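Note sheet for the following structure.
Just so it is clear, none of the values below were taken in a lab; they were calculated from the coordinates. What you see is a predicted model; the values in this text were computed from it and never measured. All Cβ positions, glycine included, derive from the backbone under ideal geometry; neighbour counts span all protein chains shown.
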Amino acid sequence: MSAVLFALAGAYGVYLLYTATTFGWAGLAPGPARRRDRIRARDRVTDWLAQAGLSDVRLSELAAVMAVLAAVGGGAAFALFGGIVPGLVTGAFAATIPVASWRHQREQRLHRAREAWPRMIEEIRLQTGSLGRSVPQALLDVGKRGPDELRTAFVAAEREWLISTDFARTCAVLKSRLADPTADATCETLLVAHEIGGTDLDRRLASLVEDRIQDLHGRKDARAKQAGVRFARRFVLAVPVGMALAGLSIGSGRTAYETAGGQAAVAAGILSVIGCWLWAGRLLRLPEEERVFHR
């Protein structure tokens, strides 16, 4: 059986080499990787980093932090259970802590942005209507007084506006820095009004404000209903750790963990906790808005 598997692996490797040299295909798939999928994946990662405020973070820094946490987590599990397998599993899970932390940071930034945008759009509507200010001036003035999470993007957009006085490029910089669906819709609405003109800008901004408020209230209601479940999810995560520590003081304790069966049971338990934690988080995740006008 092993000979057949090795033969199949070797044949597939030859196929990959042939298609790579002859057709220029890349990757491990039997067919060529689609450029559109690669672009979408790259854009998704770029948006994720921008929404988390990590546009300037390098991958080498992320890898270094993950390596340190993996070593610390694996060492702690090895000292607790006296085995390599639980240490490897725990170390791999500890390495994902920066990603989880940045995901939480991203969610908090998006939440604060959702709360700020209705007020900001309403202020833009008043400045372009009652005060008679130009669309670019109103957008940039309101943005510079916005939350800290949004202010740096508006500063970069203002710099672009002062250099080029091109409102389309200014909006492109702002949308790229914020990577936010509401920012996309607001910028596109203001860009059309600035370039084409018209008298319905006030009505369109008022409709956008109402839509954003309804979305914000719906998300707040959903999170309020999930509050108890989220607390229970965090509490249950600590229970297996407490049970493992208690097991050290009962009977043979650490000796039982060091056996082959004990190592397998500990590894299976850790994997089960991790799997349930990730599964519960996926069920509790609220749907995210898709960016429509990001290009």
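Spin-label model, Val236/Val99: points 7 Å from Cα along the beta carbon direction are separated by 2.2 nm. The listed peptides 179-191, 223-235, 80-92, 159-171, ordered by packing as a protection proxy, come out as 179-191, 80-92, 159-171, 223-235 (highest mean of other Cβ atoms within 10 Å first). The residues packed around Arg212, meaning those with a beta-carbon under 10 Å from its beta-carbon, carry a net charge of -3 if Lys and Arg are +1 and Asp and Glu are -1. All alpha carbon pair distances within segment 109-188 were sorted into 10 Å bins beginning at 0; the resulting P(r) in whole percents reads 20, 57, 22, 0. Ignoring aspartates and glutamates fewer than eight residues from Lys225 along the same chain, the ones with Cα atoms less than 17 angstrom from its Cα are Asp215.
Here the extension length gained between Asp141 and Ala246 equals 31.9 nm, from 0.36 nm per residue of separation less the Cα-Cα distance. In straight Cα distance, which lysines are under 20 Å from Lys144, not counting same-chain residues fewer than 8 positions off? Within reach: Lys175. For segment 66-142, pairs of C-alpha atoms spaced more than 15 angstrom apart make up 68 percent of the total.
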